[in-house]
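Structure record follows, encoded as structure tokens.
The values are calculated or read from the model by the stated rules, or taken from the named source; none is laboratory data. Bear in mind the structure is a predicted one, so any value in this text is a computation, not a measurement. We place every Cβ from the backbone using ideal geometry, glycine too, and count neighbours over all the protein chains shown. Heavy atoms of the whole protein, side chains included, go into the accessibility calculation; ligands, DNA and RNA do not. Shrake-Rupley method; radii C 1.70, N 1.55, O 1.52, S 1.80 Å.
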Amino acid sequence: MISARTIASGFAYPEGPRWHEGRLWFADQHDETVHVLSPEGARIESFHVAGGPSGMGWLPGGDLLVVSMEGHRVLRRGASGLSLHCDLGHLHRHLTNEMAVDAAGRAYVGNIGFDFEAGEQVKPTVLAMVEPDGTPHVVAEDLVCPNGTAITPDGRTLIIAESLANRLTAFDIGADGRLAGRRVFAEVPGHVPDGICLDAEGCVWAASPFTNSVVRVREGGEITDTVAIDGAGAFACMLGGADGRDLYVCVANPSMRPETAKQRGGRIDVARVAVPAAPGARP
């Protein structure tokens, strides 16, 4: 069991961490804010995202793409601020969520697919791929809460957490960005995999919010390592740091938005792990 320490706190509901140019970026979803931290946890920058931010990624030219959850939109942040990149309201029924952006600038965007806050029955949903020019396509269907998403360094495989199916699912990525060859990467019974990242051995670190842990999963399902999180849920993770061996974890109380915004119990924890981040992997 690997232990973790807290480097920043006082957030509502941290999610969607990204390591970019030596800094940790993450979405405080219930506070409608993106924060940028130093490797040690000092706050460098913060900016507002209406509708609550979630997944993030960068276009080849350097602009940031960020999801607006309630707006069902992907926004683009450039020199002049935020603008609309793609409206997914016709594809996403409830809460646009995680996203991975490949080296060509194609964004793979998931969504919850049902109103879990209102107690609606679980419904399968779609995964959208947004072209660099903002054109959306449905590239996968019948996914059960498509959540944390990562792309392998060679750009040929997309791995996504189907949270409420307790599994990680893999697809082949075609030259045009379309997905094929759907298969189970790993079943993870007892875990509800949320945010994920890849390491240099091809294993997935998956946040497991209801076991207060982050687990390292090999293809096929073997869990090789576990990071214990003290007293709260782990909702997403990202490898970073100078040598790629710092596992940053988004930690929060698993409560609804009014409670988390009031409690401010969200935090960023970090654990040292043996295997570094996969070079060039796209979260």
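List pairs: first in region 205-225 and over 10 Å from L168 (Cα atoms) and modelled with pLDDT of 95 or more, second part of a loop (DSSP other than H, G, I, E, B) and of a type in the set (G, A, S), Cβ under 6 Å, 6+ apart or cross-chain?
Close Cβ pairs satisfying both conditions: A207/G195.
Applying the selection to region 184-204, what residues are touching a Lys or Arg at 6+ places or on another chain (Cβ under 6 Å), in contact (Cβ under 8 Å) with a residue 24 or more places away in the chain and either among the basic types (K, R) or over 17 Å from I2 (Cα atoms) (or both)?
Of everything in region 184-204, just one residue is touching a Lys or Arg at 6+ places or on another chain (Cβ under 6 Å), in contact (Cβ under 8 Å) with a residue 24 or more places away in the chain and either among the basic types (K, R) or over 17 Å from I2 (Cα atoms) (or both), namely E187.
Can you pull out the residues in region 76-116 that are at pLDDT 95 or above, of a type in the set (A, V, I, L, M, F, W, C), closer than 22 Å to Y13 by Cα and within 16 Å of the chain's Cα centre (by Cα)?
Matches in region 76-116: M99, A100, V109.
Among the residues of region 87-101, are any under 26 Å from T157 (Cα atoms), assigned to a strand (DSSP E or B) and touching an Asp or Glu at 6+ places or on another chain (Cβ under 7 Å)?
No: zero hits.
Could you list, ordered by first residue, the pairs with Cβ atoms under 8 Å in which the first is in region 48-75 and of a type in the set (K, R) and the second is open to solvent by 10 Å² or more (accessible area, probe 1.4 Å), at least 6 apart or interchain?
Once the first residue is of a type in the set (K, R) and sits in region 48-75, its partners that are open to solvent by 10 Å² or more (accessible area, probe 1.4 Å) give R73/G51; R73/L84; R73/H85; R73/D87; R73/G89.
One residue is enough: does region 50-73 have a residue meeting the conditions among the hydroxyl-bearing types (S, T, Y), at pLDDT 95 or above, buried (at least 21 other Cβ atoms within 10 Å of the Cβ) and closer than 24 Å to D199 by Cα?
yes
Confirm whether I7 is among the β-branched types (V, I, T), within 20 Å of G195 (Cβ to Cβ), in contact with a Pro (Cβ under 9 Å, 6 or more places away or on another chain) and open to solvent by 20 Å² or more (accessible area, probe 1.4 Å).
For I7, the condition - among the β-branched types (V, I, T), within 20 Å of G195 (Cβ to Cβ), in contact with a Pro (Cβ under 9 Å, 6 or more places away or on another chain) and open to solvent by 20 Å² or more (accessible area, probe 1.4 Å) - is met.
Enumerate the strands (runs of 3 or more DSSP E) found wholly within region 172-283, keeping only those where 1 or more residues are surrounded by fewer than 18 Cβ atoms within 10 Å (Cβ to Cβ).
179-187, 223-228, 266-272
Please find, within region 257-278, the residue that is modelled with the highest pLDDT out of those that are aliphatic (A, V, I, L, M), in contact with a Gly (Cβ under 8 Å, 6 or more places away or on another chain) and over 20 Å from N212 (Cα atoms).
The selected residue is A277.
Specify the residue that is farthest from H94 (Cα to Cα); the eligible residues are those in region 35-72 that are among the hydroxyl-bearing types (S, T, Y) and not in a loop (DSSP other than H, G, I, E, B).
Of everything passing the filter in region 35-72, S46 is farthest from H94 (Cα to Cα).
I'd like the full set of residues that are touching a strand residue (DSSP E or B) at 6+ places or on another chain (Cβ under 6 Å) and hydrophobic (A, V, I, L, M, F, W, C), limited to region 59-83.
Residues satisfying the conditions are L64, L65, V66, V67, M69, V74, L75, L82.
Which residue, of G16, G22, G10, is farther than 23 Å from G233 by Cα and at pLDDT 95 or above?
None of the others qualify; the one that does is G22.
Determine the pairs where a residue that is part of a strand (DSSP E or B), located within region 121-141, has a partner that is open to solvent by less than 50 Å² (accessible area, probe 1.4 Å) and basic (K, R) with Cβ atoms under 8 Å apart, the partner being 6 or more residues away or on another chain.
Going by the 8 Å Cβ cut-off, the qualifying pairs are M129/R106; V130/R106.
Sort out which residues of region 24-38 are surrounded by fewer than 21 Cβ atoms within 10 Å (Cβ to Cβ) and touching a residue at least 60 places away in the same chain (Cβ under 8 Å), and write them in order of number.
Correct list: L37 only.
Looking at region 233-250, which of its residues are under 18 Å from the mean Cα position of the chain (by Cα) and hydrophobic (A, V, I, L, M, F, W, C)?
Correct list: A234, F235, A236, C237, M238, L239, L247, V249, C250.
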